[in-house]
Each structure stands twice: as structure tokens, then as C-alpha cells.
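**Student:** Here it is, the structure in full.
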Amino acid sequence: MNAALDQSTNAKGQKPWPVIIMLVMLFSVIIAGLLLVPRTEEQKLWWLSILGTNNYGELINPPIELAGQILDSEGNPWSDDMETPWKLLLMSQGTCAADCQQIAEFATRVHARMNKLAPELKRGYLSIGSGSGPDASLDYETLQAPNLDFPALLEETNVPPLSDGPLLFVMNPLEVIFLYYTTEHEGVGMLEDIEHVIELSH
């Protein structure tokens, strides 16, 4: 009888530390979630550029803000078109040769397979130096960037130089390129990445 009373007294005297620790952890996660949730479109796209892909492509570190420096063939800003907020920007050094044509075809097929998301994306080609672009049947806008030293910008990032081969960049609605592909990447992974970032931005 006395032993039972002693056990009961000890049980009542124990502090519920495991329960307290669990509650603290739960509330910490809830508070952190509320503080980190993006409140503006800019914050949403910033988080998206960091966490929003499946990483089949390569994340650019740091991302490159172009701020209206990419122009169409008539000299108008190409990148601030909000009717098609997402862009694929294909770049090569000089003429779009066989490897450039290859990645251009990949991107065209990926765009075609995006179904209902396809209208939110458009494709453009920028040659660093003089040269012809992808085959006309692939339907790339010809772009220009007279005030942009793109090779110098790439030197400040983890992106390989254009002399190593053509690059395909994903540009978000804030005119920031944050993801790139080379001819070594597969079209299926590119499709998953691009669909994922556009869906998460809605």
C-alpha cells in the first residue's frame, strides 16, 4: 500500500517535459511558417528562384537581374511583357550552330508539351556577336542587348562561359534569370522544372 502511494506521489511530482518540448516545437514551426510566408509577388518569386525547381537544371548563383536590358528586334523591352511573364532565353556566341540548334529544338518541344501553361512562356534568341539564330521553324524571337556585357555578368556567377557552348536561361516575371540548361541536360527534366516554377507562382 505504501509503495503504491509512493509511486503515485512520484508520478504527480514529475514535470511533463516531453509534452512541453513537443508544444514548443509545434508552435515554433507555426510561427516560422507565418513569418516566412511570402506576402508580395516579389517575395514569392524570390523564394521560388531558390526553392522552386526540381534541380534538373542548374541554379544560377547569384541570379542575374536584367531589368529591361533585353530588347526585341524593334528595340522595345522584351522581358517586361506581363502577358507572357515567363521567358526562355537562348544565348550563343555568334551563329547558332548544331549544338545551339539542338537545345533550341529541345526547348521548343518542351514548350509545346506544357499544354495550358504554354501561353505563360515565350522563347527568344540572343546572339553575343554577329550570327544567325535558330531555324525559323522553331519560332524564336530575335533579341538584342546593345548595353549589356553578358560575358562579364557570367564571370561573376557559376555559369560557364558562352565560349563553352550555348545556354538556355529561364527568366522569371521579375526579369531575373535564375536557372540554366546546356546541351547535356534532358528535355524531360527541363519540362518538369519549368512547369513546377510556373505552377508555384500562381
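Where a number appears in this text, it was derived from the coordinates with a stated rule and is not lab data. Just so we're clear, the structure is a prediction, and the values are computed from it rather than from any experiment. Virtual Cβ from ideal backbone geometry, glycine too; neighbours counted across all protein chains shown.
**Student:** Once a ≥ b ≥ c are taken as the square roots of the eigenvalues of the Cα gyration tensor of the range 90-130, is the result rounded (a/c under 1.5), prolate (a/b larger than b/c) or oblate (a/b not larger than b/c)? Present the calculation step by step, with values, prior to reporting the outcome.
**Tutor:** Details: a/c = 5.61, a/b = 2.04, b/c = 2.75.
Since a/c reaches 1.5 but b/c is at least a/b, the shape of the range 90-130 is classed as oblate.
**Student:** Further question on the same structure: May I ask you to list the residues of the range 93-112 whose amide nitrogen lies under 11 Å from a point 7 Å from Cα along the Cα→beta-carbon direction of Ser130?
**Tutor:** none
**Student:** With charges set only on the Cβ (+1 for Lys and Arg, -1 for Asp and Glu), what does the dipole of the range 41-200 come to about its Cα centre, in debye to the nearest 20?
**Tutor:** 240 debye
**Student:** Treating only the Cα positions of the range 74-145 as identical point scatterers, give the base-10 log of I(q)/I(0) from the Debye formula at each q in 0.19, 0.21 Å⁻¹.
**Tutor:** -0.77, -0.92
**Student:** Using Cα centres only, tell me the gap between the range 179-202 and the range 98-173 in whole Å.
**Tutor:** 14 Å
**Student:** Using label points projected 7 Å from each Cα along Cα→Cβ, tell me how many nm separate Thr95 and His196, to one decimal.
**Tutor:** 3.8 nm
**Student:** Where does the charge balance sit around Asp139 when Lys and Arg score +1, Asp and Glu -1, over other residues with C-beta under 13 Å from its C-beta?
**Tutor:** Numbers: positive: Arg109, Lys122, Arg123; negative: Glu105, Asp135, Glu141.
Once all neighbours under 13 Å are counted, the net charge is 0.
**Student:** Let me ask something additional. Rg and Dmax of the range 116-197, Cα atoms, in Å?
**Tutor:** Just the Cα atoms of the range 116-197 yield Rg and Dmax of 13.5, 37 Å.
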